[in-house]
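Input: a single structure, listed below in structure tokens.
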Amino acid sequence: MTARIKLLGRRFERLVVLREGAPGDPLCVVQYDCGVEKIVNRRDLLAGDAKSCRPTSVGDVFGFWTIVSEAPRNAQRNRMMNARCVCGVISIVPESALTAGLTKPCRTCRSKVKVAA
């Protein structure tokens, strides 16, 4: 049996662990820098999957994209955002791609980079 890693008081990105569950309990109470307290799974903490306390909002910037407004959900019911690229083009981008850092510049920006190269 492996020793349980103590998480109490440890910082993970934008949160601090306030309370740990009893041995065998996988849940922890954490507080995000914005003041929100949540219960999260210790596995998510250790894997780096518990990073944000709130969904994205208008004005948030992710790489090349700035969120302008929320778009209708797609056929799979994923949350979509109207986002503006640094060049000014507005596209519909999945929120999950923005928050995971999986987005690339728009086609206009990519073509400018190819021409300049």
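The values are calculated or read from the model by the stated rules, or taken from the named source; none is laboratory data. A quick note: this is a predicted structure, and the numbers were derived from the prediction, not measured. Reconstructed Cβ throughout: ideal geometry from the backbone, glycine too, with neighbour counts over all protein chains shown.
Quick check, is Arg43 in a strand (DSSP E or B), exposed (fewer than 14 other Cβ atoms within 10 Å of the Cβ) and not assigned by TED's automatic domain parsing to the domain that holds Thr108? Can you show your working first?
Numbers: in a strand (DSSP E or B): no; exposed (fewer than 14 other Cβ atoms within 10 Å of the Cβ): yes; not assigned by TED's automatic domain parsing to the domain that holds Thr108: yes.
In short, no.
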Residues (under 25 Å from Thr99 (Cα atoms), basic (Lys, Arg) and surrounded by fewer than 14 Cβ atoms within 10 Å (Cβ to Cβ)) located in the stretch 11-34: Arg11
Single residue of the stretch 59-84 satisfying the filter (out of contact with any strand residue (DSSP E or B) (no Cβ under 6 Å at 6 or more places or on another chain) and within 18 Å of Arg110 (Cβ to Cβ)) that is surrounded by the most Cβ atoms within 10 Å (Cβ to Cβ): Phe62
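Those residues that are aromatic (Phe, Trp, Tyr) and either in a loop (DSSP other than H, G, I, E, B) or touching a residue at least 40 places away in the same chain (Cβ under 8 Å) (or both), I need them from the stretch 53-102; list them, please. Explain how you work it out, then say what you get.
Filtering the stretch 53-102 down to residues aromatic (Phe, Trp, Tyr) leaves 62, 64-65.
Result: Phe62, Phe64.
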Hits in the stretch 4-34 (condition: out of contact with any helix residue (DSSP H, G or I) (no Cβ under 9 Å at 6 or more places or on another chain) and among the aliphatic types (A, V, I, L, M)): Leu8, Val16, Leu18, Ala22, Val29
Members of the stretch 87-102 that are surrounded by fewer than 17 Cβ atoms within 10 Å (Cβ to Cβ), aliphatic (A, V, I, L, M) and over 13 Å from Val68 (Cβ atoms): Ala100, Leu102
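Going through the stretch 1-40 one residue at a time, which ones are of a type in the set (Asp, Glu) and outside any loop (DSSP other than H, G, I, E, B)?
Looking only at the stretch 1-40, we keep the residues that are of a type in the set (Asp, Glu), and these are 13, 20, 25, 33, 37.
Across the stretch 1-40, the qualifying residues are Glu20, Glu37.
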